[in-house]
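The values are calculated or read from the model by the stated rules, or taken from the named source; none is laboratory data. For clarity, every value in this text was computed on a predicted model and none was experimentally measured. FYI the Cβ positions are ideal-geometry reconstructions off the backbone, even for glycines, and counts take in every protein chain you see. Just so you know, the surface numbers come from the protein's heavy atoms only, side chains and all, with ligands and any DNA or RNA stripped out. Shrake-Rupley method; radii C 1.70, N 1.55, O 1.52, S 1.80 Å.
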Amino acid sequence: MSLTTPSVRFFRITLLRSAIGLPKRTAGVLAALGLHKRLRTVYHPVTQDVAGQIFAVKELVDVQEVDQKLSDGQMRELRRPGPGFWVEKRVGQQAQEEVERT
Amino acid sequence: MLSLNLKRALLESRLPVPPTFLLPWAASLTTVSHTTGAGNVPPPLLNTVQQVSAEEQAAGSVTRKAQTPKPKRVDPTTTLARSATVAGTERPTTPSTLFSSPVAPLSESVRDLLPLLQAQGSHYITAHIHDRPYLITQGDTVRLPFFMKDAEPGDVLRLNKATNIGSRDYTLKASAPAPKLKSATTTTRMVLDPTTGSLESHSRVMPATSLDSNTAGASAAMAVAPHFIPHIAKGKVSYLDERLFVCRAVVMGMESEPMRMKEKTKRRNRKIKTVRSKHRYTVLKIKEVRIRGVEEIEGGGELA
């Protein structure tokens, strides 16, 4: 087991409950965190500021502390399923091979 | 940027219990705060996990129809490290061939019943293209609900993601999805009230620190990814071992729908905007659905 602490830790914040009907301050905190829609996830470094923001909307979010920050593109890549197939033979390649042979 | 290799390795891990970020999500998140700590699983849940993980050493079960099915398991889906190519549709390079010369053994049930399944005349397969299932058999013409841009007519596709292969009397199924594990923030330890008279004694155990869990990795015991990504796991399906079958399809060509006109306008506005749509769809013909023999699989035969 490694005893070295990673230098930066991140909060992984997912919005679970909407702020509709709540005071505008709460909605403002969510907007500041970058959570504009339900079930969106954002990563923020672990700091006192962010911790305070989370505390303000603690009933609406799910929070985890992680080592790695993922960007939107990376999360989308993880979500994307594999194609489920691969191309065994391409017609163009075949024709090229035949041309090369001749 | 996560490379395709890492992504495939993460998503198609051979671990008995896959990393948590693969697992179904919605019910596991909560806004109730709990003691933080990655990797703590309540004792009842931990027992369940270990039980299931022991059963799920493999990913598949051959059941005989018209009888009480005994769920048995086959090997998990082979981990594939695909080379980072355009849309990942080139031939995948299997690390199993690189590292271990003897391929992972098949389970007892598969070894016993696969020949029976193979001996039956016609087979069907539920192949998944972009995670969408298609129930197909040899000779079928499939019109996909999308257009494959890089597929020319005459190209041969090898479909490698399948959940079911069956014949009249037998079905080979992929293993059930791994059990729902909760995220670190939702797990708690049970504390039983001693005054109720229960003989069990549970104490509130502080969860292991997240650092320890992270360094432990996705070990079978803790069954937590370094990083739980719940919604990534939503709807993930477990697939059959690719070595068990061969499924080939030929790209026949492209079809397109009749031209559709959509008029867009607002009330009391005379301007009408017209949007034209004519979607294209790729047509495949399934030219081969074959189940490989036990010797062929265990011999490590390539392709064919």
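Looking at B:E263, B:E295, just one residue is in contact with a Gly (Cβ under 9 Å, 6 or more places away or on another chain), free of Cβ contacts under 8 Å to residues at least 24 places away in the same chain, open to solvent by 30 Å² or more (accessible area, probe 1.4 Å) and farther than 16 Å from B:D155 by Cβ, and that residue is B:E295. Scanning the range A:67-94 for residues that are within 7 Å of chain B (Cβ to nearest Cβ), within 19 Å of A:H44 (Cβ to Cβ) and in a loop (DSSP other than H, G, I, E, B) gives A:D67, A:Q68. The numbered conditions (1) buried (at least 19 other Cβ atoms within 10 Å of the Cβ); (2) more than 10 Å from chain B (Cβ to nearest Cβ) are all true for A:V61 except (2). Taking each residue of the range B:269-281 that is in contact (Cβ under 8 Å) with a residue 60 or more places away in the chain and looking for partners that are among the aliphatic types (A, V, I, L, M) with beta-carbon atoms closer than 9 Å, six or more apart or interchain, yields B:R280/B:M254; B:Y281/B:L144; B:Y281/B:M254.
Across the range A:16-36, a minimum of one residue is classified as within 10 Å of chain B (Cβ to nearest Cβ) and either part of a helix (DSSP H, G or I) or under 23 Å from the mean Cα position of the chain (by Cα) (or both). A:R40 meets all of the listed conditions (1) more than 10 Å from chain B (Cβ to nearest Cβ); (2) open to solvent by 90 Å² or more (accessible area, probe 1.4 Å); (3) in contact with a Leu (Cβ under 6 Å, 6 or more places away or on another chain) but one, namely (1). Has the range A:64-76 got at least one residue that is modelled with pLDDT of 90 or more and in contact with a Leu (Cβ under 6 Å, 6 or more places away or on another chain)? Scanning the range A:64-76 turns up no residue that is modelled with pLDDT of 90 or more and in contact with a Leu (Cβ under 6 Å, 6 or more places away or on another chain).
One line per residue, one yes/no per condition, for (1) at pLDDT below 95; (2) of a type outside the set (V, I, T):
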site: B:P207; (1), (2): yes, yes
site: B:L211; (1), (2): yes, yes
site: B:T215; (1), (2): yes, no
site: B:A223; (1), (2): yes, yes
site: B:K264; (1), (2): no, yes
site: B:R268; (1), (2): no, yes
site: B:T282; (1), (2): no, no
site: B:K285; (1), (2): no, yes
site: B:E296; (1), (2): yes, yes
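In the range A:9-19, is there at least one residue being at pLDDT below 95 and open to solvent by 60 Å² or more (accessible area, probe 1.4 Å)? Yes: the range A:9-19 contains one or more residues that are at pLDDT below 95 and open to solvent by 60 Å² or more (accessible area, probe 1.4 Å). Determine whether the range A:73-96 contains at least one residue that is aliphatic (A, V, I, L, M) and loosely packed, with under 11 Cβ neighbours inside 10 Å. Looking for residues that are aliphatic (A, V, I, L, M) and loosely packed, with under 11 Cβ neighbours inside 10 Å, one finds none in the range A:73-96, hence no. May I ask you to list the residues in the range A:33-62 that are among the acidic types (D, E) and over 20 Å from A:S7 (Cβ atoms)? Once the filter is applied, which keeps residues that are among the acidic types (D, E) and over 20 Å from A:S7 (Cβ atoms), the range A:33-62 yields A:E59, A:D62.
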